[in-house]
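Asks: My questions all concern the structure below.
The values are calculated or read from the model by the stated rules, or taken from the named source; none is laboratory data. Just so you know, these numbers come straight off a predicted model, no measurement behind them. Ideal geometry is used to build each Cβ from the backbone, glycine not excepted, and the neighbour counts take in all protein chains shown.
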Amino acid sequence: EQQYEHGEIQAQGPNVFDGYLNLPEKTAEAFTEDGWFRTGDLGFFDSAGCLRLSG
């Protein structure tokens, strides 16, 4: 069985919201310093290049 590196899934782009209304601390927790949204999910890319959710 092939092993894959699992990691935190992050998203960025025009489809991602800018932050929580009037909650700057929660917004800061939800985004990385370079603007990626932390989805709270874990995943990996399989051998076909598809993103798989794992946790």
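Asks: Show the residue pairs meeting these rules: Cβ distance below 8 Å; 6+ apart or different chains; first residue within segment 44-55 and farther than 17 Å from Gln10 by Cβ; second residue part of a loop (DSSP other than H, G, I, E, B) and not charged (D, E, K, R).
Replies: Asp46/Tyr4; Ser47/Gln2
Asks: Hey, can you tell me all the residues within segment 26-43 that are in a strand (DSSP E or B) and either hydroxyl-bearing (Ser, Thr, Tyr) or farther than 15 Å from Ala11 by Cβ (or both)?
Replies: Result: Thr39, single match.
Asks: If you take the residues in segment 38-50 that are of a type in the set (A, V, I, L, M, F, W, C) and either over 26 Å from Lys26 (Cβ atoms) or surrounded by fewer than 11 Cβ atoms within 10 Å (Cβ to Cβ) (or both), which one is nearest to the chain's Cα centre (by Cα)?
Replies: Phe44
Asks: Can you name the residue in segment 1-35 that is hydrophobic (A, V, I, L, M, F, W, C) and over 15 Å from the mean Cα position of the chain (by Cα) and is also surrounded by the fewest Cβ atoms within 10 Å (Cβ to Cβ) among such residues?
Replies: Of everything passing the filter in segment 1-35, Leu21 is surrounded by the fewest Cβ atoms within 10 Å (Cβ to Cβ).
Asks: Being charged (D, E, K, R), touching a residue at least 12 places away in the same chain (Cβ under 8 Å) and in a loop (DSSP other than H, G, I, E, B) is the requirement here; does Glu5 meet it?
Replies: yes
Asks: How many residues are hydroxyl-bearing (Ser, Thr, Tyr) and modelled with pLDDT under 95 when one looks only at segment 17-55?
Replies: Counting residues in segment 17-55 that are hydroxyl-bearing (Ser, Thr, Tyr) and modelled with pLDDT under 95 gives 2.
Asks: If you go through segment 9-16 one residue at a time, do you hit one that is in a loop (DSSP other than H, G, I, E, B), at pLDDT 95 or above and of a type in the set (Gly, Ala, Ser)?
Replies: The answer is yes; a qualifying residue exists.
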